[in-house]
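Each remark here refers to the structure printed beneath this line.
The values are calculated or read from the model by the stated rules, or taken from the named source; none is laboratory data. Note that this is a predicted model, so its numbers are computed, not measured. Reconstructed Cβ throughout: ideal geometry from the backbone, glycine too, with neighbour counts over all protein chains shown.
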Amino acid sequence: MSQYWSEDPVLMIPGPSELHPRVRQVLTGRFYPHYGSEWGEIYWGVEEAVRKIFRTRNEVIVMPGPGCLGLELGVVNVANRGDKVVALTNGFFGDRFAEIASYCAAEVVTLSSPPGYIVSIEALKECLDKNPDAVALIVVQNESATGILNPIPQYVEIAKKRGLFTVVDSISAFGGADLDVDGWGIDVCVGYPNKCLSGVPGALPVSISNEVWERVERGLVHPATWMTNLRVWRWYRRNWASHGHPYPTTVNTYAYLALKVAAEVALEEGLEKRYERHRRMAAAFRAATKAMGLGFVSKNEEYASPTITAIELPPDLRGKIEHIVGKMLRDYRIMISRGIAATEETAIRIGHMGYTASPRFLIPTLTALSETLTSLGYQKCSTGDAVDTFYRALGKLQTG
């Protein structure tokens, strides 16, 4: 098989994803300073666009920086030093969220599930019953280490009934999986542009509930930080917004312009239509992968991620992960990822998010994966069967 892409490799990793062409275009356009009336109008447009993806009337801020900065902001503005925070984990990024909370000096109660499964509703209720003094629940919506989409509406409902604040990491789901901040009652929700929106990193959207803002303004929480302290953000939004500078520091205006365009692309497609596209492509990709005799880290189809598939390799291929990843990049110009943390030696991960959630990218990826595994002596792959299964599954999903 010849290379599908002769120059830059296509990114079929769990993020960053391939840039949308309109995002590429904006990155070659005019450079704006990060303040001034003209820029201020653009910035408010960024907030308005991401607010629609969050599906919220909450105040939204767009921070400069990586996604984990938003997770820190969420923790330090709902929990004081020594406050108890319950962290739900079923993969590396849930574990890291718990670690962030511990570095913020919270007392973290970690509730983990067996590998490949969600934390059960019953286990969460039991944990909260045993920890009635907990002030917050933190959880990842889409665990990209294991390919699991967690049942956030149910988790949040249980937490809110007990009076807990909720902080949700939606970084690898934002713009690719259903999200309803107001409908679900999420207090702090963190998105990001360089995964399902097919944008660039550097502009971090965060939705913050009125209850959290009130907690901050009444002095009921005392963040020992500056950049992630909402009291600081409130001051700049009140005092510098008229200068087009409603944030405490310099921002990369290209990243913000790219976020605005990426969000607008998603909204033009229609969120429900976009989420359905991701679900259909993911289901068809999983069906084709099964036809190749492969399994998944996620053990329950109901909670399979619509944006990333973590493929569990059979034992005879597990010592060859580096070769699989390297050959696909070298020979086919397709970049995929190995597993991470507990799955590093047993799984590969393939993203189907944003621009790449389409047959244009998934068929070459399936073909390259099948041919790569066959070259290693794996006998259960048939490229033709895998591709046929993909299209048959896609047809059933479209008409079902």
The residue from 183, 175, 163 that alone is buried (at least 16 other Cβ atoms within 10 Å of the Cβ), at pLDDT 95 or above and either of a type outside the set (A, V, I, L, M) or assigned to a loop (DSSP other than H, G, I, E, B) (or both) is 175
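Looking at the range 303-323, is at least one residue part of a helix (DSSP H, G or I), closer than 27 Å to residue 395 by Cβ and at pLDDT 95 or above?
yes
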Here the residues within the range 367-376 that are farther than 15 Å from residue 286 by Cα and either of a type in the set (Lys, Arg) or in contact (Cβ under 8 Å) with a residue 24 or more places away in the chain (or both) are 368, 371, 372, 373, 375, 376
Check your understanding: Does the range 167-174 contain at least one residue that is in the same structural domain as residue 57 (by TED's automatic domain parsing), on the phi < 0 side of the Ramachandran plot and out of contact with any strand residue (DSSP E or B) (no Cβ under 8 Å at 6 or more places or on another chain)?
Key -> no
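Name the one entry in 58, 80 that is in contact (Cβ under 8 Å) with a residue 60 or more places away in the chain, more than 14 Å from residue 207 (Cα to Cα) and of a type in the set (S, T, N, Q).
80
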### Task
Inspect all residues belonging to the range 250-269 and state whether any of them is assigned by TED's automatic domain parsing to the domain that holds residue 338, crowded, with 16+ Cβ neighbours inside 10 Å and not in a helix (DSSP H, G or I).
no
Conditions (1) within 24 Å of residue 55 (Cα to Cα); (2) in the same structural domain as residue 356 (by TED's automatic domain parsing) -> residue 228 fails only (2)
The lone condition residue 343 fails out of (1) at pLDDT 95 or above; (2) touching a strand residue (DSSP E or B) at 6+ places or on another chain (Cβ under 8 Å); (3) more than 18 Å from residue 177 (Cα to Cα) is (1)
Might you let me know whether the range 88-106 holds any residue that is of a type in the set (Asp, Glu), assigned by TED's automatic domain parsing to the domain that holds residue 134 and farther than 27 Å from residue 300 by Cα?
no
Restricting attention to the range 256-284, the residues that are under 19 Å from the mean Cα position of the chain (by Cα), touching a residue at least 24 places away in the same chain (Cβ under 8 Å) and farther than 24 Å from residue 119 by Cα number exactly 16
Every listed condition ((1) within 25 Å of residue 141 (Cα to Cα); (2) not in a helix (DSSP H, G or I)) holds for residue 286 save (2)
Note on the range 24-59: residues loosely packed, with under 12 Cβ neighbours inside 10 Å and assigned to a helix (DSSP H, G or I) are 37, 38, 41
